[in-house]
1. How do the strands (runs of 3 or more DSSP E) wholly within region 111-192 filter down when requiring 3 or more residues that are in contact with a Lys or Arg (Cβ under 9 Å, 6 or more places away or on another chain): which remain?
2. I'd like to check something: does region 447-464 contain any residue that is more than 18 Å from Cys372 (Cα to Cα), of a type in the set (D, E, K, R), surrounded by fewer than 21 Cβ atoms within 10 Å (Cβ to Cβ) and within 23 Å of the chain's Cα centre (by Cα)?
3. Which of the residues that make up region 249-268 are in contact with a Leu (Cβ under 7 Å, 6 or more places away or on another chain) and either outside any strand (DSSP E or B) or surrounded by fewer than 23 Cβ atoms within 10 Å (Cβ to Cβ) (or both)?
4. Filter region 10-23 down to the residues that are at pLDDT below 80 and within 20 Å of Ile414 (Cβ to Cβ), then identify the one that is surrounded by the fewest Cβ atoms within 10 Å (Cβ to Cβ).
5. Among the numbered conditions (1) in contact (Cβ under 8 Å) with a residue 40 or more places away in the chain; (2) surrounded by 24 or more Cβ atoms within 10 Å (Cβ to Cβ); (3) under 20 Å from the mean Cα position of the chain (by Cα), tell me where Cys407 comes up short.
6. Provide a single number: the residues in region 216-236 that are in a loop (DSSP other than H, G, I, E, B) and among the aliphatic types (A, V, I, L, M).
7. Here are Gly153, Gly163, Gly178: which of them is free of Cβ contacts under 8 Å to residues at least 60 places away in the same chain and in contact with a helix residue (DSSP H, G or I) (Cβ under 7 Å, 6 or more places away or on another chain)?
Amino acid sequence: MRKVFQTLALCLMLPLAAMAQDAWNTTYKEISARIVAPTFKDKVFKPSIKPSASAKANQKAINAAILKCSKSGGGKVVIPAGKYQTGAITLRSNVNLVVEKGAELVFAFDRDLYPNVETRWEGLNIINYQPCIYAVDAKNIGLTGEGIINGNGSNERWWYMKGNKRHGYHEGVDEWQGTDKVGNRANLLKMADAGVPTKERVFGKGKGLRPQLVNFVRCENAIIEGVELRDSPFWVIHPLFCKNLTVKGVTIYNEGPNGDGCDPESCEDVLIENCTFHTGDDCIALKSGRNADGLKANVPCKNIIIRNCKMADGHGGVVIGSEISGGVQNVFAEDCEMDSPNLDRVIRIKTNTCRGGINENIYVRNIRVGQCREAVMRINLVYEPKEIAERGHIPTVRNVYVENVTCKKSKYGILLNGLEAKDSKEAQIYNINVKNCKFGGLSDVPVYKTGLVKDIHLDNVTVSADF
């Protein structure tokens, strides 16, 4: 075995542009200044809940306390120490739901406790199970404390609906989501592609499309801080069409299928900081709608700051996609640590010609990585090439700036999959800048490209490879 050291200084056109530093000095600071966590009145409301009470009784008491608090001008609804079964909870304006240290909310696997509501599921508009903690059109809301939010997912509850045997699926189960070709997931995809109105896309009980753990829809001024979130039926934190959101000091344990940690979708001005992720899928994934629904809404996910997070387990560290038809703009990720044998990619952008969307102005710096299985950065415009949906929506990824990223072991340094000439006359991956990075323990080439790609600038990138 021979270790080869190589320094790349391939400045094909320009070095890492000064505009990257300018963006950190201006745009980043402007976004950070706009993101202000809400404050709440000191008035405390205590729901009449008991560890011995039924989930339905506790659900009724918590929702009643939240409603009373909101109608009284706001304050805090406090969950004291103890373990409480409950059903879906609806947050309302000016309410901070505080789960105190030693408290645990366990969301019972009783599907009657999750009535249908408006949301999105994998980027598609839907009427589906109410997420465990849900808010719609609310302002000034909080989910805070040092307690536990337990989605109660397991191979016997919720997860088996994915259809994977390793997550408990077997023939004859009472609910199954299906695939992209058959079953309820396929039905939703077909409805979206055909333009069926959202009010007619009714799923929920019996359809197998699992609910999120936390879902805020069209909310402004929200904070999720301090809590531990675990065992979600589906995605853990899913803000949708939200503005001014802070996710801070949260710890996530969710090894279930589609167990994404935090997925802001078509959101604006979002801060995710000091969080720890142990997930069965992507740790953080930015989204903006899928296919026809996302293209019609055309609302990008923009002005996102990710900093000081630890990705202890998960398939992707900082991910953009794949549901990004509305595009993604102005993403800043810095000072994060990733080290998981299950980590496939540190930075990943995934999309295809069903999605479209412009994804631009992405800035990453000071990322420390122990190991990843595939690539430190992968940009893929041919994700899910067999997806059944209308094609011809050309996606673009441009103006990506990566600086001071170190990785001790991976297959590739950078992996780029552009569109083929039959799909696009011009390269849609361009102006990709990598500076002052160290990629160690490579088992393949430092940079691997397919399809149309241009303007890749590498400046002082050091690699070491094992052959």
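The values are calculated or read from the model by the stated rules, or taken from the named source; none is laboratory data. None of the values given here were measured: they were computed from a predicted structure. Don't worry about glycine lacking a Cβ; one is built from the backbone with ideal geometry, like all the others, and counts go over all protein chains shown.
1. Ranges flagged: 116-121, 124-129, 139-145, 148-150.
2. Scanning region 447-464, I find no residue that is more than 18 Å from Cys372 (Cα to Cα), of a type in the set (D, E, K, R), surrounded by fewer than 21 Cβ atoms within 10 Å (Cβ to Cβ) and within 23 Å of the chain's Cα centre (by Cα), so the answer is no.
3. Val250, Pro264, Ser266, Cys267
4. From region 10-23, those at pLDDT below 80 are 10-19; that's our starting set.
Next, from what is left, pick out any that are within 20 Å of Ile414 (Cβ to Cβ): 10-17.
Working: Leu10: 12, Cys11: 14, Leu12: 9, Met13: 11, Leu14: 13, Pro15: 13, Leu16: 19, Ala17: 16.
So, considering only residues that are at pLDDT below 80 and within 20 Å of Ile414 (Cβ to Cβ), the one surrounded by the fewest Cβ atoms within 10 Å (Cβ to Cβ) is Leu12.
5. For Cys407, the failing item is (3).
6. Number of matching residues: 2.
7. After applying the criteria, what remains is Gly178.
Each row is one residue, and each column tells you yes or no for (1) at pLDDT 95 or above; (2) crowded, with 17+ Cβ neighbours inside 10 Å; (3) in contact with a His (Cβ under 9 Å, 6 or more places away or on another chain); (4) not assigned by TED's automatic domain parsing to the domain that holds Phe234.
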site: Asn25; (1), (2), (3), (4): yes, no, no, yes
site: Val44; (1), (2), (3), (4): yes, no, no, no
site: Pro47; (1), (2), (3), (4): yes, yes, no, no
site: Lys71; (1), (2), (3), (4): yes, no, no, no
site: Ile79; (1), (2), (3), (4): yes, yes, no, no
site: Thr90; (1), (2), (3), (4): yes, yes, no, no
site: Val106; (1), (2), (3), (4): yes, yes, no, no
